[in-house]
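The values are calculated or read from the model by the stated rules, or taken from the named source; none is laboratory data. Note that this is a predicted model, so its numbers are computed, not measured. Ideal geometry is used to build each Cβ from the backbone, glycine not excepted, and the neighbour counts take in all protein chains shown. For the accessible areas, the whole protein counts, side chains as well, though only heavy atoms, and no ligand, DNA or RNA atoms are used. Shrake-Rupley method; radii C 1.70, N 1.55, O 1.52, S 1.80 Å.
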Amino acid sequence: MNQVIQVSEKTRKKLIEYYQEKKKDKKIPYVVFQAVDMDTVVTLYESGKVMFQGKSADVDAAMWKEIDGQSMVDPVKVKEQEKKYYFCSSIGSDEVGTGDYFGPIVVTCCYVKKEQISFLESLGIRDSKKISDEKIKKIAPEIAKKIAYKSVILSNQEYNEKYTKDVHMNKIKALLHNRVLYEMMQEKPQIDFIIVDEFAREHRYYAYLEDAPYIQKGITFLTKAEDKNLAVASASIISRYLFLKEMDKLSDSIHIPLPKGAGSEVDQIGEEIVEKYGEEKLKEIAKLNFKNTQKILHTIIY
Ligand code: MN
């Protein structure tokens, strides 16, 4: 099905940026830009019209309409929708470590019953992103005592073996979320929603699971889900807790404190580690596909 929408100059730029990697180089008259993204062909015309062709054309067109500010969403309705995801029994999942060069990827899902919401609120877990590491270390065990959860920790070694051109970060995330959610659902929880903090569009998420042995369906994908749903917020906290623990273990094992993130401090420490233990060590403690690896290995003079 084809969908055509008109977008502003600003949105055109965003669109080109968004689909840059999927760009087609073929020259077509009146066409400024064309890309093929999964099963959708996106064509931007000089006139500012964008045509979406393919199975999920309507979904993509709707997304860009919204980005362009054309959506007719009623803010009151949005608030009501959000309340619905907050005051409910739900399973929610979130991951940590995907932006960190050192350390594993941790994905957790939590099962929060409606009756447990006030307990979680009393711990002050809203805005889980802003909670300090110290507080995470204090409250995560409290949450884990009362809230059912499933976690998976993907070590750096496993990550580096898995990661290829076809199995990239988002696919790895999807497989891990799918795994914990599916496992939790086997326990037949009484829930209104399964919520995932959105890292990929829905159709793409399921496309990543193409060859998974089982697929957990019926997920609601929300952006900033950790602010909207306490199961996701709890999952985020437990994931962070486990991540911090693993980072402590790795740091102890090499007697060098490992920094989070992927900035210049990470490169410096990386060099120190390679000097002390050799290149091979990075396989066990870092995500080799990150640009940091190049930087670390290039700046070392043997
Ligand atoms: Mn997240």
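Below is a table of values for the structure above.
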| read-out | value |
| --- | --- |
| Criterion (within 18 Å of I131 (Cα to Cα), open to solvent by 20 Å² or more (accessible area, probe 1.4 Å) and aliphatic (A, V, I, L, M)) met by exactly one of L242, L250 | L242 |
| 1 or more residues more than 16 Å from the ligand (Cβ to nearest atom) and not hydrophobic (A, V, I, L, M, F, W, C): qualifying helices (runs of 4 or more DSSP H) within segment 191-302 | 202-208, 230-254, 264-277, 281-285, 291-298 |
| Any chance S56 is of a type in the set (G, A, S) and within 17 Å of R201 (Cα to Cα) | yes |
| Residue check for K295: open to solvent by 80 Å² or more (accessible area, probe 1.4 Å) and touching a helix residue (DSSP H, G or I) at 6+ places or on another chain (Cβ under 7 Å) | yes |
| Breaking point among (1) farther than 30 Å from C88 by Cα; (2) without any contact (Cβ under 8 Å) to a residue 12 or more places away in the chain, for Y277 | (2) |
| Members of segment 180-226 that are more than 25 Å from S56 (Cβ to Cβ) and buried (at least 17 other Cβ atoms within 10 Å of the Cβ) | V180, M184, M185, I191, E226 |
| Residue within segment 18-30 that is closer than 20 Å to Q70 by Cβ and surrounded by fewer than 17 Cβ atoms within 10 Å (Cβ to Cβ) present | yes |
